[in-house]
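Input: a single structure, listed below in structure tokens.
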Amino acid sequence: MKVIVIGLDIAKRVFQVHGVDAAGRAAVRRKLGRGEVLEFFRALPPTLVGIEACGTAHHWARELGALGHDVRLVPAAYVKPYVKRGKTDAADAEAICEALTRPTMRFVPVKTAEQQAVLVLHRTRDLLVRQRTMLVNALRGHMAEFGIVARQGGGISELLATLREKEAAGLPSLAKKALLGLADEVEALERRTDEVEAAILAWHKGNEASRRLATLSGIGPITASALVATVSEVSNFASARHFAAWIGLVPKQNSTGGKPRQGGSSKAGNRYLRRLLVLGASAVIRHNKAAAGESWLAGLIARGPRMVAAVAQANKAARIVWALLTRGGTYDPHRCAQRPARA
């Protein structure tokens, strides 16, 4: 019986294979150890293989693709409706195989090793920043218990300078030792964060698409490199709105009976990209000097809350990013103003 479609449920050590023939009948059900996976697929002719888009999925997609197989990554949310009663590896593999054969199924593009390496830098930077924030908050709280209060908004260097200036002013030796230890940890995280950001900036400078995205207001090297590394194939998005919806920057739809109803932003999709775009939009709003009526953004700020305006600006930036990645070129804010009016 010839296998034409295989669903592969991946894990750390145990992998489950479910294959079907041209008639849709189960042709193979097999459990594999980690060391047996490549040997099993090396013995097969080129086959359509589906893998749930989860941890290590891109690695296995590259490995099986190198063997000549057509590997497609299925989003986990799209696999779940095909899981039958019970939760087992065999049921998951069968569900992946079933979802793979649906004509309207959408897939996750396989990332290259370089793209994943850039995203590892971003995740490392994000982790270091969160750890630094935790340490700074703890340091501020502990210092306040002894009457040492640094002003809000001051940089980390100012906070550490305040601690060292006041450390001799009646600070118990036990507390002094603990607080100075936290200060050393903060400074070490600062140095490590700077090293990671330097590596991201170096990659950004060497990537043409990332440099083009950075010409847009509110998008710097961090956001631009994250967008390019995350979006493997922009052609998967039919329009700019689809791209913004994938990031989670469009209103939620709750419509029935021909009555459209829209709520707040959906917050679906890539949380990291959404956060970077909203932070960049907030910076654009903070430096906006136009009066109400002079620009679209100024009018939006005057009419409603600033966070609503920030999400709307991030939505607009995401759509421009789609246009730049699809059509090439760099962003020119004066291009529309220079176009001749239609007769």
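Every read-out reported here was derived from the displayed coordinates using simple, explicitly stated rules and does not represent laboratory data. Just so you know, these numbers come straight off a predicted model, no measurement behind them. Glycine gets a Cβ as well: all are built from the backbone with ideal geometry, and neighbour counts include every protein chain shown.
When the P(r) is computed for the range 75-114, the part past 14 Å accounts for 49% of the Cα-Cα pairs. The alpha-carbon positions of the chain define a convex hull whose volume is 244 Å³ per residue.
Helix 89-100 and the longest principal axis of the Cα set of the chain meet at an angle near 90°. Listed by chain and number, the lysines whose C-alpha is less than 30 Å from the C-alpha of Lys31, apart from same-chain residues fewer than 8 away, are Lys2, Lys12, Lys80, Lys84, Lys87, Lys111.
Let me know the charge dipole size of the range 201-278 about its Cα centre in debye, to the nearest 20, where only the beta-carbon of Lys, Arg (+1) and Asp, Glu (-1) is charged.
Result for the range 201-278 is approximately 340 debye, rounded to the nearest 20.
If you take all other residues with their beta carbon under 13 Å from the beta carbon of Pro221, and give Lys and Arg +1 and Asp and Glu -1, the sum is +3. Placing unit charges on the Cβ atoms only, positive for Lys and Arg and negative for Asp and Glu, gives the chain a dipole magnitude near 1260 debye about its Cα centre.
Rg and Dmax of the range 5-100, both derived from C-alpha coordinates alone, stand at 12.0, 35 Å. Considering only Arg306, Arg271, Arg164, the Gaussian network model of the chain with Cα springs below 10 Å gives its largest mean-square fluctuation to Arg164. Over the chain, DSSP H runs of length four or greater, each weighted -39,500 (n - 2.57), average out per residue to a 222 nm ellipticity of -17000 deg cm²/dmol. May I ask for the angle, rounded to the nearest 10°, between helix 306-327 and the longest principal axis of the chain, with both axes built from Cα atoms and the value confined to 0 to 90°? Value to nearest ten degrees: 50.
The alpha carbon convex hull volume per residue for the range 151-292 rounds to 210 Å³.
Length available on full extension from Arg85 to Lys12: 0.36 nm per residue minus the Cα-Cα distance, which gives 23.9 nm. Of the residues Ala178, Leu159, Val108, the one whose Cα sits farthest towards the positive end of the charge dipole of the range 108-192 is Val108 (charges of +1 on Lys and Arg Cβ, -1 on Asp and Glu Cβ, taken about the Cα centre). Largest GNM mean-square fluctuation among Gly299, Gly258, Gly24, using the chain with Cα springs under 10 Å: Gly258.
A simple count of charges around Lys252, restricted to other residues whose Cβ falls under 12 Å of its Cβ and scoring Lys, Arg +1 and Asp, Glu -1, yields +2.
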